[in-house]
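**Student:** Sharing a structure, written as structure tokens. Questions coming.
The values are calculated or read from the model by the stated rules, or taken from the named source; none is laboratory data. Treat the numbers as computed from the prediction; the structure is a model and nothing was measured. So basically every Cβ, Gly included, is an ideal-geometry build from the backbone, and we count neighbours across all protein chains shown. Note: accessible area is taken over every heavy atom of the protein model, side chains too, but ligands, DNA and RNA are not part of it. Shrake-Rupley method; radii C 1.70, N 1.55, O 1.52, S 1.80 Å.
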Amino acid sequence: MPPRLLALLFALLTALALTAAPSPAQEAPTPEAPSSDRSATGGAQTLQDILARQAQQKIDDSFRSDALGNPDAAAPITDPLGTLGGVSDAELWRALRYDRADITTQARGPAAQVLMQDGGMTWLNVRAQDLRFYGGWLLVGMLGILALFYLLRGRIMIDGPKTGQTILRFSAIERFAHWMLGGSFIVLAITGLALLFGRVALIPLIGHEAFAPIAIAGKWAHNNLAWPFMLALIMVTVFWIAHNIPNKHDLKWIAVGGGLFSKGVHPPAKKFNAGQKLIFWSVVVLGVSISVSGVALLFPFELHLFAPTFAKLNALGLPQALGFDPLPTVLAPHEEMQLSQLWHAIIAFVFMAVIIGHIYIGSVGMEGAFDAMGSGQVEVQWAKEHHGLWYEEVTGQKAHGDRNGTPAE
């Protein structure tokens, strides 16, 4: 990826993160709003209540939470107005809202225990504030680290003399699976970011009318490209899992930082070094997790992921060990969807940060690295320096350079 394009992406993500930053009212809530005179509304909320709530001010909500009816003043049940026992429909729903209703039902099961759930506001606030803010800065931070690394280290060049000869590193089917996985992921990432940041970043820039078809097309692409992504994930896992089992050489690679920070240092490595193995397992774990939560979102209310998971975590005592209360094990279907969407987005941001690092080292970060997935052929000297053990296994010839990590000959 050219440095100019990296700079453009860095500027774009910085703008998104700054746009998503909490407003001053969110960072420093104002004191509790004064009580409003509600006599003109018969005790109902006033315009001042609404404006105070929008300004993140605390209000005295007792005018609603205590307005639950008076059963003692109820008309006889034989009268037309006495069938609710002195409680109106609005008062009954308020009692449910504040968990103060004395209601029994003939139905049994988890669904009957959830008559009203207002977790949608928590989901909305986390999505609109925390996800945008922390997710945006995670991506900006990753780009900043890579830019700093490039300025200090520069491009990692081939140290020894180039031979002009090449060796096959990845077959056509391996490269096909890699590019299908990478290409679909990039489109999924861009469309996901557009849907999350569209309201705060794109609509002010291009307007509602232009954003509407972009959102519709992005949603269609996001839903349908999930399938080639999952297929490619299965393919690369099958192709490379045997080469990504950790071994003793990985410890040496990690000890010298893979030679990334020192010129002329080339620790021994087989087909995949320790850094590539970390990328591989990150892709597998994050890819499976984001695929499962994505399928749950594609088929609403069909998969119940979190209630069984929470039950297992509670049984292991993990929340309690961390000082938290046991996690809820009875979740309404829409609560499952809310949690699936939040988990999907959190994993997506971590995934994108990992892939940004992978793209950097495979393009501008290291000379000759892109050829491995471009043509499939790599310079022999590159293979000897970065994957000496693999070169010896493939060719039966000794790779140049000391395996103890000293400069190559």
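**Student:** Give, as ranges by residue number, the residues of region 161-186 whose backbone N falls under 20 Å from the point 7 Å along Cα→Cβ of GLN377.
**Tutor:** It comes to 161-176, nothing else.
**Student:** If we sort 134-145, 166-177 on the protection proxy, mean other Cβ atoms within 10 Å, highest first, what's the order?
**Tutor:** Going from most to least packed, we get 134-145, 166-177.
**Student:** Of the accessible area of region 176-241, with the probe set at 1.4 angstrom, what percent is carbon plus sulfur?
**Tutor:** Carbon with sulfur: 81 percent of the solvent-accessible area.
**Student:** Related question: Which shape class, rounded, prolate or oblate, goes with region 153-310 when its Cα gyration tensor gives a ≥ b ≥ c as root eigenvalues, a/c under 1.5 marks rounded, and past that a/b bigger than b/c marks prolate?
**Tutor:** The shape class here is prolate.
**Student:** Taking amide H positions as placed in the peptide plane 1.01 Å from N, state which residues far from ILE156 in sequence (5 or more) or on other chains have amide H under 5 Å from it.
**Tutor:** MET366, GLU367
**Student:** Report Rg(Cα)/(2.2 N^0.38 Å) for region 285-362, keeping two decimals.
**Tutor:** Taking N as the residue count of region 285-362, the ratio is 1.30.
**Student:** Here's another thing I want to ask about it. With +1 on the Cβ of every Lys and Arg and -1 on the Cβ of every Asp and Glu, and nothing else charged, how large is the dipole of region 284-409 about its Cα centre, in debye rounded to the nearest 20?
**Tutor:** 240
**Student:** Still on this model: List, in order, the whole-Hz ³J(HN,Hα) value for each residue of region 315-328 obtained from phi through the Karplus relation with A = 6.51, B = -1.76, C = 1.60 and θ = phi - 60°; use x for Gly and Pro.
**Tutor:** Calculated HN-Hα couplings, in order: 5, 7, x, 5, x, 5, 5, 8, x, 9, 6, x, 6, x Hz.
**Student:** Which pairs in the list LYS162/LYS277; LYS270/LYS312; LYS248/LYS312; LYS162/LYS271; LYS277/LYS398 are over 32 Å apart, alpha-carbon to alpha-carbon?
**Tutor:** Pairs exceeding the cut-off: LYS270/LYS312; LYS248/LYS312.
**Student:** To the nearest 0.05, what FRET efficiency results for LEU318 and VAL350 with a Förster distance of 22 Å applied to their C-beta separation?
**Tutor:** After rounding, the FRET efficiency stands at 0.65.
**Student:** Report ³J(HN,Hα) in whole Hz for each residue of region 123-137, in order, from the Karplus equation J = 6.51 cos²θ - 1.76 cosθ + 1.60 where θ = phi - 60°; Gly and Pro get x.
**Tutor:** These are the phi-based 3J(HN,Hα) values: 4, 5, 5, 5, 5, 7, 10, 5, 4, 5, 5, 6, x, x, 6 Hz.
**Student:** Taking a ≥ b ≥ c as the square roots of the eigenvalues of the Cα gyration tensor of region 215-260, is the shape rounded (a/c under 1.5), prolate (a/b larger than b/c) or oblate?
**Tutor:** oblate
**Student:** Please list, in chain and number order, the residues 5+ apart from GLN377 or on another chain whose amide H is under 5 Å from its amide H, with Hs placed from the backbone.
**Tutor:** Close amide H contacts, sequence-distant or interchain: ARG169.
**Student:** Would you mind calculating the gained length between TRP227 and THR309 on full extension (0.36 nm times residue separation, minus the Cα-Cα distance), in nm to one decimal?
**Tutor:** Contour length minus Cα-Cα distance gives 27.0 nm.
**Student:** While we're on this one: Under the Karplus relation 6.51 cos²θ - 1.76 cosθ + 1.60, θ = phi - 60°, what is the ordered set of whole-Hz ³J(HN,Hα) values for region 337-353, x standing for Gly and Pro?
**Tutor:** Result, ordered by residue: 5, 4, 5, 4, 5, 5, 5, 4, 6, 4, 4, 4, 5, 4, 4, 4, 4 Hz.
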